[in-house]
Every structure is written in structure tokens, then in C-alpha cells.
Amino acid sequence: MNVKTILCRAMRRRSVWLSLMFGAISFASGGLCAQSGSLLLGSAWYPEQWPESRWDQDLRLMEEAHLDVVRVGEFAWSRMEPSQGHYDLDWLERAVRLAEKHHIAVVLGTPTDAPPAWLTAAHPETLRMDATGHLAEHGNRRQFNYANPHYRVYCAEIAEQLARRFGHDPNVIGWQIGNEYSDESFDPETKRQFQDWLKVRFGTLDALNRDWTTAYWSQTYDRWDEIPLPSGGGNPGLLLEHRHFVSDTWRDFQHVQVAAIRKFAEKRQFITTNLGGLGWSDNFDHYEINNELDLASWDDYVGQGHLNVARNGAMHDFVRGWKRANFWVMETQPGFVNWAPVNNALDPGETRAMAWQAVGHGADAVLYWQWRSALNGQEQYHGAIVGPDGEPLPIYPEIARTGGEFERAAKALQGTSPVAQVALLHSYDSRWAIDFQPHNRNYDQLEVLLGYYGTLREQGLTVDVVNATTPLDGYKLVLAPSLNVISAELAARLLAWVERGGSLVLGPRSGMKDEHDSLNVQRQPGPLVDALGGRVEQFYALEAPVPVSGEDGTGTASVWAEQLSAHTDADEVLLHYGKGNGWLDGQPAMISRSVGKGRITYLGAVLDPALMRSVLQRSTRAAHVEPEFGPLPPDVEVCRRVGDGHSIYVLINHGAAVVHAALPSAMHDLLGDGHSLTEVVLDAQGVAVLEADTR
Ligand code: GLA
């Protein structure tokens, strides 16, 4: 079937823009969403688990639910290559064609998360060894060794076979490498690779011994092969470099497959990988992994309980920051999961609200895991869209409704992305450095970040969460909660942005360490002490909250507090501690100074939400951050996506009561009858997708 027929079919079924979009992408370089392409709803589908006679029925039910993309193949190696070198991809071709007949595009997964039995039986060195020396076995998944060169040859081969077959397939729009990179290996070969990697990184043992202060506890290394592969605690410098090694090893594991696909696949087919760990996991550097990919994607699950609006929104914004572009939610739960302590169902409407929250934060596709549970296997209880009988489950209508809405709003959302004036800095080095030595087990870096994020979102602001090394031009206000590792190079970059007019707020634990996880001799914030005109005299893990007060009001600090000192008259002390642990009493808790055309502020404590609210309200005002929407009833989340000349607002009522939300100007409701509105009424889990004309 040629491209033209597909386009005609698409145009018949869909508004003109979608097929034009697909057309446009086939000419332009880069990933689908990199150009904020179409808005897709879909599901994971496993044709290899079902008789072929069943496929058409499944695809028809998907089409009726307005699903328009499926991800296929990421666990089908034993079907694709039943024995070494014997490939059978005809079934997959038939599945792709049938999906096409139902106007459903396909994302192909490379099956490298679960190697076939014949492979690991013939090559046990391709199996992962855990930190206790136990070799993983066949019968599960993730049993492979991410560092094993032999396994990589097999991975590249199967990826190449798939790309040769489907690299020009008009109905294949993209590729997913493997599935949720997770577990490292601790086998002797990987240890040797780590030692070789350190040799390249440090050049000499003298440099390594210096940067890790190995004189401490006589850790000094005389030979590279003495250096351990850490699995628990250890020298902070060693632990940090191990994380870098793990990140590079996953990057290289992925690279052999990306390279194999790029050799045979059309540029219009994007390449991504679905990162798990609920977005926030840090077993490796997700920016590093995404560098070579066209599109960032993650697996968004709630698990037990219900949607934590701020946390999930923050994760979307975090994922958007991996490539600073729109992204995909490659997996999310159709109601409930099977792996949480209590696998409760989301409330009616909550699954739809979650899908729209993703779109509001920059997702251009949302796919459910999964279409139908395999009749046997480890995930029989997981939420699905159709039941064991192949008929729709109670969640099906809600998903179909969402699919219909996506279709209606897709044109207006085309080419739009969230645009932020405010950014939160994220650094894996800082996260690892703090988590290696928390000093207070209650110091939860995600909670600390959410203390900033949630408060800014309450103001209705779009927030980017970006890598600390990101160029910051375009932002008015940048906040850095827990930026523990500040090297001289990073400090210079931040300072240059401040001098050009940026407003930087450093949070607790900032600048304690350099790039080797060694203490900065200047004390905190390290290389930024001079620019701040002040520093941290001492940090304290708190047993109990300490009062804090200043021009922004009164409140408390809990978990962590730092005694600051201001060294110049130019420094303003904005908050002081009250009576606390005896050391903090009356000391500065927050200082600020104008530098060049900008400002640096240091907040040395984890504040209670109310005081944090007024502190950040003053910071956004002082940085001339403009409001994006206006006041909203509680529980209503507003997300803004901007394209040339127009803004789209996604409003979601995450509460249980009906709310009336006044609009800052007349808007059209894309999910309604298109009438111009100045107020919307949102039911519980209600959604409105509003277009404001900014021309
Ligand atoms: C992960 C995996 C899927 C499936 C789901 C279950 O995200 O990628 O294969 O196991 O979890 O929630």
C-alpha cells in the first residue's frame, strides 16, 4: 500500500491536518514530537500472544475507541528469532498491515529487555549478575547484562533485522529501544570495564587518588584493578563515578541499536525509549540517555492511591526537560496496575484527567498499558482495556471519550508546547551526592523540589525542570533546590546568566561539592560565595521545626536549615531564624544580592508551604514573571501550550466538587460546541481545552 493511499484514508477519517502533519514529518528531519506533531492516543498491543484470527477484532475495537497508535514487539524476541539467525517477521508485517487497515500507526519496540532462552542458554555471560554474585535466569525479563559486548552484538542484529524490514514501512512511525532500562550487572567483566573507564576518565591513579582523597582510610589505589565496583556505600567520589559509568554503559547499550536502526530507517521514524521508575528514578542520567534519541518518553503510573497532581505534573515537566521538547507518555494505567501494594482503581474520570494533564504539560501522545492481559504470565491482574473475553472493560468508554476529544483538539494543539518563564534546575550529580550521604533521612529531594514546583504551579505558571547545565536565556527566574554539586564551570555559567539579568534562587545544600563530589573549600555555595556576598556558616539536620520570619511573613523550617552570613552591605537578609537549636537562633536564613543586571538569592532552609508561598510570590514578582492565566478555584490545574499566535489552556478539575472557573478573557471550548466563554463549569475530574485568541 503506498503512502498516497494511506494519506487519502487518513484524510477521509481525520481532519486534513493530521495527514498533512504525517506528510510534513516525512520530509522534515528529527522526531515526530520534536515538531509538536499530532496528538495521539494508543495502547501497548501484543499480537504475538494471540491467534491471528483475533487481531482484526482487537484493532476494530481500538479504532472505535479512537485509538490511533499501538506499540508492538518489545517482548517478542522468541517469536521474531525462534532460533539463532532464523528470523520470522512475517507475522509482524501482517500485524502492521492490519493496523494500517484500521488507521492505527505502529511504534516498534526492539525486544532486548527479554532475550530468548536459546540465546542465554548458549551464552550465559549475557546474563546479568546481581551485587551478591547471583546470575539471573531465564523465565522473567531484565535478565540480560547491559554491559556484555556479546549481548550487544545480538541486540544490534535483531534491531538491524527489524529496521531492514520496517525502516521504510509507511505505517511504522517510530521505534522504542528495549524497555525501561533498570538493572546493572556486577560481573567481573563489567568490573573490568569500569576500571578501564576510570583509566580514561582520570588518566592517572594520582589524579584519581587526589580527587577522591584516598588518603582517607588508606584507600589509596596502586593499580586500577584494585578499584571495586560499588554496590552499596563507599567513597563519594567512587560512587559518583560509578553512576557516570552506569549512565555511559546504558547509553552505549542503547547506541548499538540506535545505530543499527538509523542505518536502514527513514528519518521520519523517530527513535525513543520508554523510561520507567515513575520518572524520578536516578539509577542513571536520563539526559545522557536522551541525547541520541529523537523523542523523550516515559511510563507514567500512579500505582497505589490517586493522582498526585503536583508530583505527576512535575514529572511531565521533568521529562519534557530531557530533550526540552514535547514528549510521549509511552505507558500509563488504564484504571489500575498490578505491582503496587494495593492496586486500587483510579476514580471514574481520573484516567481521562490524567491523559489531559499529560497533554497540558507537553505530551503529544498517551498510550495505555495494556490493551488486553495475556491469558497467562506475570501481569494477569494489571488493568487493561478489554477483558479476557476480548470485550471492552468498564474503562473502555472513558478511554474512547478521551480518544474522541484528542481528535477534536489535535489541530489546535498542533505545533504548540508549554513555554515557561521559570525553571527549576535538576542535577543528577547533586541528587546522587546527597543521596549517598543524606545526613537527615527525612531530606527527600523530590519533596523539596515539589515544595518549589507546587507553589509556582499554584500561581498558574508553566514550570520547566531542566538540567543544571542547560542554557538559561529565556528564563526570568531560575530556582535550584538541592543543587549540591556546583563546579567552577557551572558557577561561571550561572553567574553569567545572572549578570545578564537573570534571578537565581539557590536552595538548601547548594554548592557544597565539586564535580568529584569533594567538598568545596569556600563552603556553600562554593564558587558562588563571592557573587552572593555571603555563605553558609553551618548546615544543620533538624530534629524539630524552627521558627523563621522576615518581610515575607512567619513560618517554620523543618528537616534542614543552614546558618547563613552576609558579608557585604549590598546583601539583604530576607529571613531570620527564631529560637531553634541554639546555633540558628537569630541567624540569617535567606540572603539576597543584586549582581550585574540580575540577582542571586540563597534560601538555606526547607520552609513550610505557607511561608514558601509568599517567598516565591515575591521572587516571581521581583523577577517580573507575568501571570499566565489568573486566579483559579482550588483543585483546578491550568496548563498552557503556546504556538505561533495562539495559546491553548487545558483546565482540569482534580477535585470532587463541581467548580466554576472564571476565564481571564473570552475563550473557545474545543471540547464543547465552540461558543465563546468567560467562565467554565467543571465537574469532578472535569476537563476543558480552551483556545484564547492572542492575535
Ligand atoms: C512497566 C513495563 C510494562 C509493564 C508495566 C506494568 O512500565 O514497561 O511492560 O510491566 O510496567 O505497569
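The values are calculated or read from the model by the stated rules, or taken from the named source; none is laboratory data. None of these values were measured; they are calculated from a predicted model. Heads up, the Cβs are rebuilt from the backbone with ideal geometry, glycines too, and the neighbour counts pull from every protein chain shown. Surface areas here come from the heavy atoms of the whole protein model, side chains and all, with no ligands, DNA or RNA. Shrake-Rupley method; radii C 1.70, N 1.55, O 1.52, S 1.80 Å.
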Check on Gly277, among the small types (Gly, Ala, Ser), within 16 Å of the ligand (Cβ to nearest atom) and either under 18 Å from Tyr146 (Cα atoms) or buried (at least 16 other Cβ atoms within 10 Å of the Cβ) (or both): yes
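Quick one: which of Gly387, Gly415, Gly349 is more than 15 Å from the ligand (Cβ to nearest atom), open to solvent by less than 50 Å² (accessible area, probe 1.4 Å), free of Cβ contacts under 8 Å to residues at least 40 places away in the same chain and not aliphatic (A, V, I, L, M)? Working first, answer last.
Details: Gly415 fails: free of Cβ contacts under 8 Å to residues at least 40 places away in the same chain; Gly349 fails: free of Cβ contacts under 8 Å to residues at least 40 places away in the same chain.
Result: Gly387 is the single residue among Gly387, Gly415, Gly349 that is more than 15 Å from the ligand (Cβ to nearest atom), open to solvent by less than 50 Å² (accessible area, probe 1.4 Å), free of Cβ contacts under 8 Å to residues at least 40 places away in the same chain and not aliphatic (A, V, I, L, M).
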Can you find a residue that is in a loop (DSSP other than H, G, I, E, B), within 16 Å of the ligand (Cβ to nearest atom) and of a type in the set (D, E, K, R) anywhere in segment 390-403? no
Of (1) surrounded by fewer than 18 Cβ atoms within 10 Å (Cβ to Cβ); (2) farther than 24 Å from Leu413 by Cα; (3) away from the ligand (no atom under 14 Å from the Cβ), Gly377 satisfies every one except (3)
Mind checking which residues of segment 173-193 are more than 15 Å from Leu293 (Cβ to Cβ) and under 27 Å from the mean Cα position of the chain (by Cα)? Ser182, Asp183, Glu184, Ser185, Phe186
Yes or no: Trp369 surrounded by 14 or more Cβ atoms within 10 Å (Cβ to Cβ) and more than 13 Å from the ligand (Cβ to nearest atom)? no
For segment 218-250, name all the residues that are touching a Ser or Thr at 6+ places or on another chain (Cβ under 8 Å) and of a type in the set (Gly, Ala, Ser). Gly237
Of the residues in segment 64-120, how many are under 27 Å from the mean Cα position of the chain (by Cα) and under 17 Å from Gln269 (Cα atoms)? 14
Could you say which residue among Thr249, Thr272 is touching an Asp or Glu at 6+ places or on another chain (Cβ under 8 Å), open to solvent by less than 10 Å² (accessible area, probe 1.4 Å) and within 16 Å of the ligand (Cβ to nearest atom)? Thr272
For Phe75, which of the numbered conditions (1) part of a helix (DSSP H, G or I); (2) within 16 Å of the ligand (Cβ to nearest atom); (3) among the aromatic types (Phe, Trp, Tyr) fails to hold? (1)
Within segment 140-180, of all residues that are among the acidic types (Asp, Glu) and away from the ligand (no atom under 16 Å from the Cβ), the one least open to solvent (accessible area, probe 1.4 Å) is Asp169
Can you tell me which of Ser487, Ser482, Ser510, Ser518 is closer than 19 Å to Ser594 by Cβ and hydroxyl-bearing (Ser, Thr, Tyr)? Ser510
Could you please find all residues in segment 534-547 being part of a strand (DSSP E or B), of a type in the set (A, V, I, L, M) and out of contact with any Phe, Trp or Tyr (no Cβ under 6 Å at 6 or more places or on another chain)? Val536, Ala541
Residue match in segment 210-217 (condition: out of contact with any Gly (no Cβ under 6 Å at 6 or more places or on another chain), away from the ligand (no atom under 16 Å from the Cβ), touching a residue at least 60 places away in the same chain (Cβ under 8 Å) and at positive phi): yes
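Determine, yes or no, whether Gly232 is in a loop (DSSP other than H, G, I, E, B), more than 16 Å from the ligand (Cβ to nearest atom) and not basic (Lys, Arg).
When the stated conditions are applied, Gly232 passes them.
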Check whether at least one residue in segment 188-209 is open to solvent by 10 Å² or more (accessible area, probe 1.4 Å), within 16 Å of the ligand (Cβ to nearest atom), touching a helix residue (DSSP H, G or I) at 6+ places or on another chain (Cβ under 8 Å) and at pLDDT 95 or above, and report yes or no. no
Among the candidates Glu137, Glu100, Glu125, Glu93, residue that is more than 16 Å from the ligand (Cβ to nearest atom) and assigned to a loop (DSSP other than H, G, I, E, B): Glu137
Counting only residues that are crowded, with 16+ Cβ neighbours inside 10 Å and over 23 Å from Glu184 (Cβ atoms), segment 214-229 contains a total of 1
Output the number of residues of segment 486-517 satisfying the condition of being part of a helix (DSSP H, G or I), open to solvent by 40 Å² or more (accessible area, probe 1.4 Å) and closer than 30 Å to Leu198 by Cβ. 4
Filter result for the condition that a residue is at pLDDT 95 or above and either in a helix (DSSP H, G or I) or farther than 30 Å from Pro228 by Cα (or both), over Ala114, Ala156, Ala131, Ala147: Ala156
Which members of segment 321-337 meet the condition of being of a type in the set (Lys, Arg) and either over 11 Å from Ser297 (Cβ atoms) or within 11 Å of the ligand (Cβ to nearest atom) (or both)? Arg324
For Gly451, are the conditions met, namely being touching an Asp or Glu at 6+ places or on another chain (Cβ under 8 Å), of a type outside the set (Lys, Arg) and more than 22 Å from Leu490 (Cα to Cα)? no
Residue by residue through segment 280-311, note down the ones that are in a helix (DSSP H, G or I), under 12 Å from the mean Cα position of the chain (by Cα) and surrounded by fewer than 24 Cβ atoms within 10 Å (Cβ to Cβ). Tyr287, Ile289, Arg311
Could you please let me know if Glu537 is among the acidic types (Asp, Glu) and surrounded by fewer than 20 Cβ atoms within 10 Å (Cβ to Cβ)? yes
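Scan segment 639-695 for residues that are in a strand (DSSP E or B), of a type in the set (Lys, Arg) and open to solvent by 40 Å² or more (accessible area, probe 1.4 Å) and jot them down. Quick ask: steps written out before the conclusion?
Taking segment 639-695 first, the residues in a strand (DSSP E or B) are 639-643, 646-653, 659-669, 676-682, 687-693.
Narrowing the set further to residues that are of a type in the set (Lys, Arg) leaves 640-641.
Once the filter is applied, which keeps residues that are in a strand (DSSP E or B), of a type in the set (Lys, Arg) and open to solvent by 40 Å² or more (accessible area, probe 1.4 Å), segment 639-695 yields only Arg640.
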For residues that are within 16 Å of Leu479 (Cα to Cα), part of a loop (DSSP other than H, G, I, E, B) and out of contact with any helix residue (DSSP H, G or I) (no Cβ under 8 Å at 6 or more places or on another chain), tally how many sit in segment 438-461. 0
Which residue out of Val466, Val546 is under 18 Å from Val615 (Cβ atoms) and touching a strand residue (DSSP E or B) at 6+ places or on another chain (Cβ under 6 Å)? Val546
